[in-house]
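The values are calculated or read from the model by the stated rules, or taken from the named source; none is laboratory data. Treat the numbers as computed from the prediction; the structure is a model and nothing was measured. Using ideal geometry, Cβ is built from the backbone for each residue, glycine included, and neighbour counts are taken over all protein chains shown. With ligands, DNA and RNA removed, areas are computed over all heavy atoms of the protein, side chains included. Shrake-Rupley method; radii C 1.70, N 1.55, O 1.52, S 1.80 Å.
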Amino acid sequence: MVPTAVSQVLEQVVNAIVSVSAAYLFIQWNIDSLDKSAWGAAGGTLGTCLGAFSALLLVVFVYHIYRPVQRKLERRDRGRRLYSASHIYRILFLTILPIILSQTVYQISGLDYYLFGDIMGGRGMDPVTIKSLVGVYSSKYRVLTSVPIAISTSIASSMIPSAVAAFTERDTVQLKNNILSGIKFNMIIAFPCAMGYTILGQSIVRLLFPSSNYVLGGHLMLAGSAAIVFYAISNVTGSALQSIDRMHTPVIHSAVSLGIHVILVVCLLKFTGLGIYVLIIGNVTFPIVVSILNLLALRRYIPSLRLKPLKTFFVPLSASLWMSIAVVLVYTLSDKLFSSFLGGYMANAVSVILALFTAVVVYFVVFLKLRGMTKEEMFDFPMGRKLYRMAVKLKLMK
């Protein structure tokens, strides 16, 4: 599971870097074209393609490294093989297919671009404006929010093996602990990311896309950052259902949510003046419906499963709110201080970096002060032992 998780993080990092760079370069190379916004969107699409390709290369590389060891094991265990290759491939296919279908349904939600262009074009919006708005939505909002969502997906994937083992051994206590820990770890990451994008969205977009409409990009981040939290919940609860042999359930839930999503987007585009913000509403409501259905299914299949709202949701949210106050103060003061001699863009860049550093420190301190995590839970977190030693030195934990 480690190479898979690392490949997913690598995919989103490459996606973000290439999308930002390619969108900027494509627009610069076609600055005099009426289709320059479309070229920017094409740059974002290129990032998605190269991100997936880089993840594939990593997995293939790891596979070839371990292949000699696997061959030795195959020769040693040749006399004890119980299943034919065709049987194993059939089981793998039946296991993988629901996961692929679930992700396919999520990607189909990208038909929002077509719906927006078709309906808004019918209402009289000119093609250049449509392309510009969709370009800001796809190459800025979607690209930036996909990074924390990728981390959430990696954590959800890493949870599956231990949850499957507990389910197979009928260890209900361990199974519940794995699921609750997966949800909690996702919330620890999702809440500060969503709050950070809400507070610093426009400044981050301006830092990464200085020549574009960073004002609209910031407004989209402000309106739609909450989607990060709900995608995190939908990812981890979907993985939990897959780990208890309910492979088809997340697919059904995603399909139901997609149907509601399409109806909602079409109605809002036709009968309101919300414009591009309709896509933001659709992007937030899609994971909300999936999350609710997944949580209800988990309660149905594991009746004794009980979430801990205080530790799971309210502590990360409270720490994020304190973090936001500190971020606003640091960014505002820094921007006023540096604007006088660095200029607008550089002052914003320095202020964003200082604000993000402040956010990390304040969130870490406040979260531990609120006793959001035990020593055992921190050890399960990536680099948990180092973080624990740091917390002990700072007298945040015993």
Test LEU298 against the stated conditions and say whether it is open to solvent by 30 Å² or more (accessible area, probe 1.4 Å) and assigned to a helix (DSSP H, G or I). no
Kindly provide the set of residues from the stretch 301-320 that are open to solvent by 90 Å² or more (accessible area, probe 1.4 Å) and assigned to a helix (DSSP H, G or I), ordered by number. LEU310, PHE314
Checking LYS311 against (1) farther than 28 Å from LYS140 by Cβ; (2) touching a His at 6+ places or on another chain (Cβ under 6 Å), which test does it fail? (2)
Residues in the stretch 31-40: is at least one out of contact with any helix residue (DSSP H, G or I) (no Cβ under 8 Å at 6 or more places or on another chain) and open to solvent by 60 Å² or more (accessible area, probe 1.4 Å)? yes
I need every pair where a residue in the stretch 161-172 that is surrounded by fewer than 13 Cβ atoms within 10 Å (Cβ to Cβ) has its Cβ under 8 Å from the Cβ of a residue that is of a type outside the set (Val, Ile, Thr), sequence separation at least 6 or different chains. PRO161/MET1
Restricting the stretch 357-376 to residues that are surrounded by fewer than 17 Cβ atoms within 10 Å (Cβ to Cβ) and in contact (Cβ under 8 Å) with a residue 40 or more places away in the chain, which is nearest to ASP335 (Cα to Cα)? LEU370
Quick one: THR198 ticks every box in (1) without any contact (Cβ under 8 Å) to a residue 60 or more places away in the chain; (2) surrounded by fewer than 24 Cβ atoms within 10 Å (Cβ to Cβ) bar one, so which box is it? (1)
Exactly one condition in (1) modelled with pLDDT of 75 or more; (2) not in a helix (DSSP H, G or I) is not met by SER86; state its number. (2)
Could you run through the stretch 243-266 and say how many residues are assigned to a helix (DSSP H, G or I) and open to solvent by less than 30 Å² (accessible area, probe 1.4 Å)? 10
Output for the stretch 206-235, where each listed residue is at pLDDT 90 or above and among the β-branched types (Val, Ile, Thr): ILE228, VAL229, ILE233
Looking at the stretch 110-117, can you tell me whether even one residue there is buried (at least 22 other Cβ atoms within 10 Å of the Cβ) and under 26 Å from PRO250 (Cα atoms)? yes
Please name all residue pairs, on different chains or six or more residues apart, with Cβ atoms under 9 Å, provided the first residue is in the stretch 11-27 and is of a type in the set (D, E, K, R) and the second residue is modelled with pLDDT of 90 or more. GLU11/GLY51; GLU11/ALA52; GLU11/PHE53; GLU11/SER54; GLU11/ALA55; GLU11/LEU56; GLU11/LEU58
Condition test on MET383, is it open to solvent by 70 Å² or more (accessible area, probe 1.4 Å) and more than 25 Å from the chain's Cα centre (by Cα)? no
Considering only residues that are open to solvent by 30 Å² or more (accessible area, probe 1.4 Å) and farther than 11 Å from PRO148 by Cα, which ones fall in the stretch 184-195? MET195
Candidate set: the stretch 358-397, residues that are in a helix (DSSP H, G or I) and aromatic (Phe, Trp, Tyr); chosen: the one nearest to VAL6 (Cα to Cα): PHE379
